[in-house]
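The structure appears right after this line, and notes come after that.
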Amino acid sequence: MAIASCQVQKPYGEILAYDYDVYQHELQLKYHTKGRGNIHTYSLAKYEYDQFNWIYTNRLEGKIEADSLVFTYRHLNSKFPQKQSALKGYIEVFGDSTISINLEMPRYKESTISHWEPYEFNGTYKLVKKQGIRTLVEKN
């Protein structure tokens with residue numbers, strides 16, 4: 001008997017920008033995950049949930065190179081950040097309401113980078129600037 005699982009991840013069309021205490025700006029890229037199956041529990045049940053990637057930067061205008069920002073799959077813990085290392089590419093803010101993500105993620109063979117691949121959610125998004133510091137993940 002073979003059990004497999006599959007999932008699809010799709011970003012929402014906007015990135016939320018908040019003020020932040022360590023960096024000036026916290027960008028929240030929200031995406032929806034939908035799938036079926038779990039090979040560990042031998043289940044074919046359907047599931048879906050939202051997840052987030054985070055980008056931290058000290059400015060929100062023009063082209064911002066990867067070495068001037070922090071990318072993380074977890075909400076930033078300012079004391080012990082779990083940030084993506086060896087990131088390449090840039091983000092670019094156009095005017096007051098559009099942001100383009102063009103990042104490349106390192107892929108490793110053992111402990112050495114073998115190559116870089118485009119970030120799965122590269123693209124152009126509506127930029128929504130929120131007032132104040134985000135305290136909890138917003139619910140729809």
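The values are calculated or read from the model by the stated rules, or taken from the named source; none is laboratory data. Quick caveat, the model's predicted, so the values are computed rather than measured. A quick note on method: Cβ atoms are made from the backbone with ideal geometry, for glycine too, and the neighbour counts reach across all protein chains shown.
The table for this structure:
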| quantity | calculated |
| --- | --- |
| Residue within the range 112-119 that is within 13 Å of L27 (Cβ to Cβ), part of a strand (DSSP E or B) and among the aliphatic types (A, V, I, L, M) present | no |
| Options K10, K34: the member that is over 18 Å from E92 (Cα atoms) and exposed (fewer than 12 other Cβ atoms within 10 Å of the Cβ) | K10 |
| Subset tally (residues that are under 13 Å from the mean Cα position of the chain (by Cα), acidic (D, E) and surrounded by 13 or more Cβ atoms within 10 Å (Cβ to Cβ)) for the range 87-124 | 1 |
| Any chance K129 is touching a residue at least 40 places away in the same chain (Cβ under 8 Å) and either in a strand (DSSP E or B) or within 19 Å of Q9 (Cβ to Cβ) (or both) | yes |
| Single unsatisfied condition, Y47 versus (1) at pLDDT 95 or above; (2) at negative phi; (3) surrounded by fewer than 16 Cβ atoms within 10 Å (Cβ to Cβ) | (1) |
| Number of positions in the range 18-40 that are in a strand (DSSP E or B) and in contact (Cβ under 8 Å) with a residue 60 or more places away in the chain | 7 |
| Filter pass, I99 being within 15 Å of Q28 (Cβ to Cβ), in contact with a Phe, Trp or Tyr (Cβ under 7 Å, 6 or more places away or on another chain) and modelled with pLDDT of 95 or more | yes |
| Qualifying position, being touching a His at 6+ places or on another chain (Cβ under 8 Å) and not acidic (D, E), among K46, K10 | K10 |
